[in-house]
1. Based on a Kirkwood Rh over C-alpha pairs, give the Stokes-Einstein translational diffusion coefficient of the range 103-213 at 20 °C and viscosity 1.002 mPa s in µm²/s.
2. What number, in percent, do you get for the relative contact order of the chain if the mean sequence gap of Cα pairs under 8 Å and at least 6 apart is divided by its residue count?
3. Give me the percent relative contact order of the range 1-103, please, defined on Cα pairs under 8 angstrom at least 6 residues apart.
4. Per DSSP H run of at least 4 residues, take -39500 (n - 2.57); add these up for the chain, divide by its residues and hand me the 222 nm value, nearest 500 deg cm²/dmol.
5. Ranked by accessible surface with a 1.4 Å probe, highest first, in what order do CYS206, CYS222 come?
6. Charges on Cβ only, +1 for Lys and Arg, -1 for Asp and Glu, centred on the Cα centroid of the chain; of GLY337, VAL67, ALA325, which one is farthest towards the dipole's positive end?
7. Once Rh is set to the Kirkwood radius over Cα pairs, what Stokes-Einstein translational diffusion coefficient, in µm²/s, holds for the chain at a temperature of 25 °C and a viscosity of 0.890 mPa s?
8. Over its Cα atoms, what ratio of radius of gyration to 2.2 N^0.38 Å does the range 70-165 give?
Amino acid sequence: MIVAFLAWATLLAGLTLPSFAPEISNVTILALMAAGLLHLFWVPERMHLLRQPASWMPLLAALLLLVAFSITAKSPLHVAAFLTLIHLYMVVPMSGLLIRLGGALTLDRIGFFALAGAAGGFAVAAIDVYVFGSSRGGLVNNPIHLADITLALGFVALVGLWSGSRWRLVFLAGPALSVGTVLLTASRGPMVAASLMLLTAALAMCFSWLPAYRRMRVIGGCLLVCIIMAALLVLTDAPDVPAIERIMALLHGGIAGDTSASERLIMYRSAFNAFLASPLVGHGLIDYPMAAAAYAPAGSEFPIYDHLHNDIADFGVAGGILGLAAYGLFLWAPIAGARRVEGALRMPLLYLGSVTTIGYFSMGMTNAVIGLRWPDIVLATVLALIVTLSNRPQGAQA
């Protein structure tokens, strides 16, 4: 009874709270992970859980980061910095809790937890814009982080479409709420990510429910619509939406008048130079933006942030090739785990793994995503769900 309560609380903290109650989510999930670690001794399936790629790939990534940070360490704190990504190392303990739910852990219930998170993210963004008059929704978090988290949750919710529930069409609201949040936060990067995640969802639905001869028509139609929309954005004026206005300004005027884009370009060039200076193990995680700043192009003013606004740049500067390998393991783990699934759950979990990997990669091209605790909480929960459901007997999946 207590373990079941902890398992449901894990879904609440991992799929619902991150968007509108991020600090509560973080404190709660850390406590639940600690409880899950202790409970793991009583989980007979623990070795099966550990052999799942979605479990061991983050642990291998942790080892690579530990090696890289140990070589560049100037103090024990520099070595311990790999624990910044602690949430992603706790997939097996989380799965050990979730597996106790058995058949009660259904796709529609997972979808409802994530849908509530997407609705919460949209609500706080709307309150910030329409009640408090902010130009960008970000009442409980940085606007881009709020957009990224809500976007991830909205597309996780869509997995409920593959349930047998009569309420399954309600999960279509997940992407709509998440895209609405992106618009309210006026965030360019998440908007690009949303388009790729929508295309991923459309392809997954095509392969799930359409006969082969119709799939190519729908896929071709989707690609044609994307091409037409891109052409219209470039050649005509876009709707009066802040995020689209910023994209249009960047397309038509270049980066000269765009401070955000100019700063990112400086950070990316500096990160590349810093990577070349220490390509194997990087410069360590602590103060790595300052390490990049030391290699800024001559005559440029390096902008000081907590990160370099790009996951590849962050991992490359902090951990070099070992850091980039760790990033690749974190990023590929959802798809690798889903590919191990057979039976009725194969397609929904392939969708869940694919949309998560594509979403985190595309969101991470313009902002830090992996390595920030709230996106990490969502990613760890998705990995734990893939591990848990992939270990369910095929006869119990339908």
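The values are calculated or read from the model by the stated rules, or taken from the named source; none is laboratory data. Keep in mind it's a predicted model, so treat the numbers as computed, not measured. Cβ atoms come from the backbone with ideal geometry, glycine included; neighbour counts cover every protein chain shown. With ligands, DNA and RNA removed, areas are computed over all heavy atoms of the protein, side chains included. Shrake-Rupley method; radii C 1.70, N 1.55, O 1.52, S 1.80 Å.
1. Taking Rh from Cα pairs, D becomes 150 µm²/s.
2. After rounding, I find 24 percent.
3. It comes to 41 percent, rounded to a whole number.
4. Helix contribution divided over all residues of the chain: -21500 deg cm²/dmol.
5. Per-residue accessible area, sorted high to low, gives CYS222, CYS206.
6. Positive-end residue among those listed: GLY337.
7. It comes out at roughly 113 µm²/s.
8. Relative to the rule-of-thumb radius for its length, the range 70-165 sits at 1.49.
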